[in-house]
Amino acid sequence: MKKISKYLGMTALACSGIGFASPAMAQTNSELRSQIELLEQQLNAVKSKLDAQEDDVDRIEKRVDEVSEKTAPTDGFLVGNTKMKFSGFVDLDVHVTKTSDGEIASNSVGRDQYVSQLTPVSAVDVDDAVYTDYTIQSSRLAFGSDTPVGEDSLKTYFELDFILSPGGNEGVSSSFNPRIRRAYIDYKNWRVGQEWSTFQILQAIPETASFYGPADSQVFQRQALIRYTAGNFQFALENPNTNVIGAGLVDDSVIPDAVARYNFKNDTVNLSFAAIARQLRMDNGIVDGTTTGYGAVMGGRVNLGKDDIRFHVLGGEGLGRYVGLGISPGAVIDADGTGIEAIPSVSASIAYRKVLGDFSLSGGLSWIDIDNDVALTGDSVTSQSQTAFLALTKKVAPKMTVGGEVLVGERELENGLSGDLSRFTFSVKKGF
C-alpha cells in the first residue's frame, strides 16, 4: 500500500507541473502556489488514510497468526473445526516357551500371550515341550476426534489390534483380521461405548516386554459400558454376562454390572478403589437360577522418584470373567441342578520398576486362589496360579523400545496336579 501512495503522489505532482507550464491556464504565481499546496494537502490526507489502512491490515494479519498458532493442533490435523489424530504401534514379539505337561495348541492365544489357564496340566508323565513363536498380532492402530461444542468438546476414540483374530495362518501369508479393542464417545462427564471396565486398575499393570505379562491375578476386561465421572468418583453400568462351569458364557442376565470407583492422584501416588455388584443368571429351561456376584479392588502406583511400585489386592464372589483373563468361571450349577452358586476368589500382585537412563528393569509376582466347592465343580478345575517375571527394556529411539523378559508360571488344580510354564520373550515396539 505504501507503493500505491508513492505512485499517487508522483502522478499528482506531474499533473501539477503540467498545469504550471500550460499557457491556457496562465495564472499568477501566488494562485499556482495555492493550488499546489491544496493538492499536496489532499495527497497527504489520502496517504495518511492509506497508511492507517495498511496498519490495520498488519494488525489483523498479526492477530490471525496469533489465533492460528493457539488453535492449531500440536499433533494430528484439523478437518473443519475437528482435530483428528492417528496413533498406534508396531510390535514384534518372539516367544520361546517351555511347558512341563504337554504343548499349548499352535492356534491358541496362549502361544502369543501368557494365559495361565491354558498352561497344560497332565495326570500322566509327559516330556517337556519347547517351541518358538513369532507374532505381530498385538500391533495396534487407533484414531480419534475432538470437536468443540460451545465450551465443551465432543470426543471419539476407536482402536484396533489383531489378537484372537481369524483370517490367516502361518503357512503363507500370516494374515489376521483386525478386531475392535475400544470404541467410545466422550461428552462432558459421560463416556459411552466399549472401554476398559471401570473395575480395572490400569495403573497397577506392571511394565513388561511381553503383552501384559502376569495376567492371572488382575482385573482385565473391556466391554460396552455407560460411565459417569464426577471429580474423583466414577459410576458405571456395564455389559452383564455370566460364565458358568460346564455351560460357558451365558447371556441371560437382565441387570447390568454396576461399578463405583474412587481415584486419588498426586505427585507420589496414583491409587484407585473400586467395587462391583453383578447379577449372575442362567436360564436354559432346566437350570433357572440367579445369584449375586460382588467384589472390591484396591491398587495403583507409588512413585519413588523415577522408579515406582505397582500393586493390587482383589477379592469377591462371582467375579469370573473379570479376573485373570477368565481363569475361573463366576458360577457353578448347584447340587439340585436347578440353580447356580457364585465362586469366591482372592488375588494380589506387586511389581517394582527401576529406571536406569534409557533402560528400565521391572520384576514382580502375582497370585490367585480360587475357593471352589469341589463337590459341585469337580477336582479338575484351577485352584491356584502364581507367576513371576523379570523384564528389561531399552529406549533406542523416540517411542521405540527393545526388550527381553523371563516369565515363569504354575497352575494347580483342585486334585493337586500342576503344570509349569517358562517363557523368554524378545520384543521390539515402535509407537507413532
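The values are calculated or read from the model by the stated rules, or taken from the named source; none is laboratory data. Predicted model, so just to flag it, every value in this text is computed and none were measured. Note that we place each Cβ from the backbone using ideal geometry, even for glycine, and neighbour counts take in every protein chain shown.
Values computed for the structure shown
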{"item": "Qualifying residue in the range 109-126 (condition: more than 26 Å from the chain's Cα centre (by Cα), without any contact (Cβ under 8 Å) to a residue 12 or more places away in the chain and not assigned by TED's automatic domain parsing to the domain that holds Gly419)", "result": "no"}
{"item": "Those strands (runs of 3 or more DSSP E) lying entirely in the range 382-432 with at least 3 residues among the hydroxyl-bearing types (Ser, Thr, Tyr) and surrounded by 16 or more Cβ atoms within 10 Å (Cβ to Cβ)", "result": "382-397, 418-431"}
{"item": "Selected residue (criterion: surrounded by the most Cβ atoms within 10 Å (Cβ to Cβ)) from residues of the range 322-380 that are touching a Phe, Trp or Tyr at 6+ places or on another chain (Cβ under 9 Å) and hydroxyl-bearing (Ser, Thr, Tyr)", "result": "Tyr322"}
{"item": "Pair list, Cβ < 8 Å and 6+ apart or interchain, from the range 257-270 residues that are farther than 15 Å from Gly231 by Cα to residues that are part of a strand (DSSP E or B) and of a type in the set (Asp, Glu)", "result": "Asp257/Glu238; Ala258/Glu238; Val259/Glu238"}
{"item": "Test: residue in the range 79-97 that is in contact with a helix residue (DSSP H, G or I) (Cβ under 9 Å, 6 or more places away or on another chain), more than 30 Å from Pro148 (Cα to Cα) and surrounded by 12 or more Cβ atoms within 10 Å (Cβ to Cβ)", "result": "yes"}
{"item": "Output for the range 378-420, where each listed residue is of a type in the set (A, V, I, L, M, F, W, C) and either more than 29 Å from the chain's Cα centre (by Cα) or at positive phi (or both)", "result": "Val381, Leu413, Leu417"}
{"item": "Members of the range 336-361 found to be part of a strand (DSSP E or B) and not hydrophobic (A, V, I, L, M, F, W, C), listed by number", "result": "Glu341, Pro344, Ser345, Ser347, Ser349, Tyr352, Arg353, Lys354, Ser360"}
{"item": "Qualifying residue in the range 172-189 (condition: buried (at least 22 other Cβ atoms within 10 Å of the Cβ) and either hydroxyl-bearing (Ser, Thr, Tyr) or within 14 Å of the chain's Cα centre (by Cα) (or both))", "result": "no"}
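Okay, residues lined up against (1) among the basic types (Lys, Arg); (2) more than 17 Å from Val130 (Cα to Cα); (3) in the same structural domain as Ser328 (by TED's automatic domain parsing):
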residue	(1), (2), (3)
Gln386	no, yes, yes
Thr393	no, yes, yes
Lys399	yes, yes, yes
Leu407	no, no, yes
Glu410	no, no, yes
Gly416	no, yes, yes
Gly419	no, no, yes
Arg423	yes, no, yes
